[in-house]
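Read-outs: derived from the displayed coordinates by stated rules, not from any lab. Because the structure is a prediction, the values reported are computed rather than measured. Here the Cβ is made from the backbone with ideal geometry for all residues, glycine too, and neighbour counts use every protein chain on show.
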Amino acid sequence: MKRFFALSRTTHGILDLATPGFVALLWLGDFPQWQVVLLSIFTAFAAYTAIYALNDLVGIAVDKEKFAGGINAGYSVEASDLRYPLAQNALSYRSGILWFAGWFVLALIGCYLLNPFIVVILIAAAILEVIYCLLLKVTYLRTFASGLVKSSGPISAIYVVDPNPSFQLVLLVLAWVFFWEIGGQNVPADWNDTAEDRRVNAKTIPLQLGTQTAAIIVLLTLGFTVIFSLLLPQASPLGLGWLYLLASAAAGGVLLLKPGYELFNKQREARMAAKLFDNASYYPLAQLIIITAFVFFK
């Protein structure tokens, strides 16, 4: 099973569950019924498991080419020696397809039971993930697809607790996740993989625009992430005052802005990009812990 979980980057996927959890609690201002919580956790796990597997299934040929000279050290949240099991021939393509299909079907069923509209969001996320992979050698603008894919989980969480949400507030949540994904995940990941990406003539922001521009993009997007996080209380029925804003800003400062600024100052050290990726991966979990405390003690 380790090879299958490596295919789906399950350690990272579990961390990703914090984002829809945070958004659901923020939006509802209370804990959902336990049946909804359990079904939502299972559905989100199935969806993240399927989409991460889809990434490697679509990109298997390029991954084999990229890592012909060895696979880099990775990040602390994705440090398994079995990373990219398809590219390493540790797992057959047929097994990967069956793994993806099984989890995707379960995710579709869960989405339908929670809110049929979420089925549309999941299918759109899968299509965008395929587009993202296929654009590796075409344009660095594919990072926008990545931001939308990662936003699909939190947006789905809104429709679990509110079948008719405010469109403006949905866009606010989308913007928050979108900028976090680009500045805290996608660009740092590409930065860490520049040696491998260069082998296949990949079109990524660090390679096409240079590290200085990439560092500026990281700082700007992470700055927008923190700013949008301070606007998120508008989407909650809770009276989230200055104490919540202080805690949220502190999480953003420590996990996003600080490592982002360190990367800006040490652009030639790829390990700083990996450090930012790791810190940013825990940012949604920190936000989930904060909102849970406020909901519990409201």
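Quick notes on this one:
- Amide H contacts for Y84 (H built 1.01 Å from N in the peptide plane; partners 5 or more residues away or on another chain; cut-off under 5 Å): none found.
- The phi-based Karplus calculation (6.51 cos²θ - 1.76 cosθ + 1.60; θ = phi - 60°) puts the 3J(HN,Hα) values of segment 221-234 at 5, 5, x, 4, 4, 5, 4, 5, 5, 6, 9, 4, x, 4 Hz, whole numbers, x for Gly and Pro.
- Residue-wise HN-Hα couplings along segment 93-102, as the Karplus relation 6.51 cos²θ - 1.76 cosθ + 1.60 with θ = phi - 60° gives them from phi, are 5, 4, 5, x, 4, 5, 4, 4, 4, x Hz; Gly and Pro carry x.
- In a simple Cβ point-charge model (Lys, Arg +1; Asp, Glu -1; nothing else charged), segment 2-296 has a dipole of about 560 debye relative to its Cα centre.
- Unsatisfied cross-links (Cα-Cα over 23 Å) in the set K66/K137; K150/K275; K2/K64; K64/K203; K2/K275; K66/K203: K2/K275
- Taking a ≥ b ≥ c as the square roots of the eigenvalues of the alpha-carbon gyration tensor, the chain is classed oblate because a/c is 1.5 or more while a/b is no larger than b/c.
- For the chain, built as a Gaussian network whose Cα springs stay under 10 Å, the top-fluctuating residue of N192, N115, N279: N115
- Applying the Karplus relation 6.51 cos²θ - 1.76 cosθ + 1.60 with θ = phi - 60° to segment 173-189 yields 3J(HN,Hα) values of 5, 4, 4, 4, 5, 4, 5, 4, 5, 5, x, x, 10, 5, 5, x, 5 Hz, where x marks Gly and Pro.
- Residues considered: A251, A90, A270. Largest GNM mean-square fluctuation over the chain, using C-alpha springs under 10 Å, is found at A90.
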